[in-house]
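The values are calculated or read from the model by the stated rules, or taken from the named source; none is laboratory data. Bear in mind that the values here come from a model prediction, so they are computed numbers and not experimental data. Virtual Cβ from ideal backbone geometry, glycine too; neighbours counted across all protein chains shown. Note: areas computed on protein heavy atoms with side chains; ligands, DNA, RNA excluded. Shrake-Rupley method; radii C 1.70, N 1.55, O 1.52, S 1.80 Å.
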Amino acid sequence: MVREVAPDAQERLSYGMPYYEYHGRLIYFSAFKDHIGVYPVGEAAKHEDLKRYMTGKGTYRFPLDQPMPLDLIKQLVQTRAAANAGKAESAGPSSSDRSSYAGASSASRRASR
């Protein structure tokens, strides 16, 4: 479902939980005895249609005995993916994207002072 709206998202594991990453952390999820937990990394309160599932700051709980609102979760993921992509564009290239030569020359300049 996540890959339908964010096809370039990568599956990762952090804090012992699976999550998807797309220009940063996109959404965490986990399964429990009575519910599925979804953790949209800072976006939970912004999605009014999902408020009835909110149980704490940044936490949605979807009971196993009820159908999950997949369309609403897709909208949430799509919003998060767009926000992450926008942040990545405005931040410019990361330090790992920059030339190692430039880093070496600035280190050499500092060492020669």
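Listed values, structure above:
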quantity: Rule-of-thumb Rg ratio for segment 1-80 [Cα; 2.2 N^0.38 Å; N residues]; calculated: 1.02
quantity: Amide H contacts of Gly58 (H built 1.01 Å from N, under 5 Å, at least 5 apart or other chain); calculated: Ala44, Ala45
quantity: Table column - 3J(HN,Hα) (Hz), segment 72-82, Karplus curve with 6.51, -1.76, 1.60, x for Gly and Pro; calculated: 5, 5, 4, 4, 4, 5, 4, 4, 4, 4, 5
quantity: Segment 1-65 - percent of accessible surface contributed by carbon and sulfur, probe 1.4 Å; calculated: 50
quantity: Relative packing of 19-31, 50-62, which averages over residues the other C-beta atoms within 10 Å, highest first; calculated: 19-31, 50-62
quantity: Long-range amide H partners of Ile36 with built H, under 5 Å; calculated: Phe62, Leu64
quantity: Greater than 19 Å apart at Cα, pairs in Lys46/Lys74; Lys51/Lys87; Lys33/Lys57; calculated: Lys51/Lys87; Lys33/Lys57
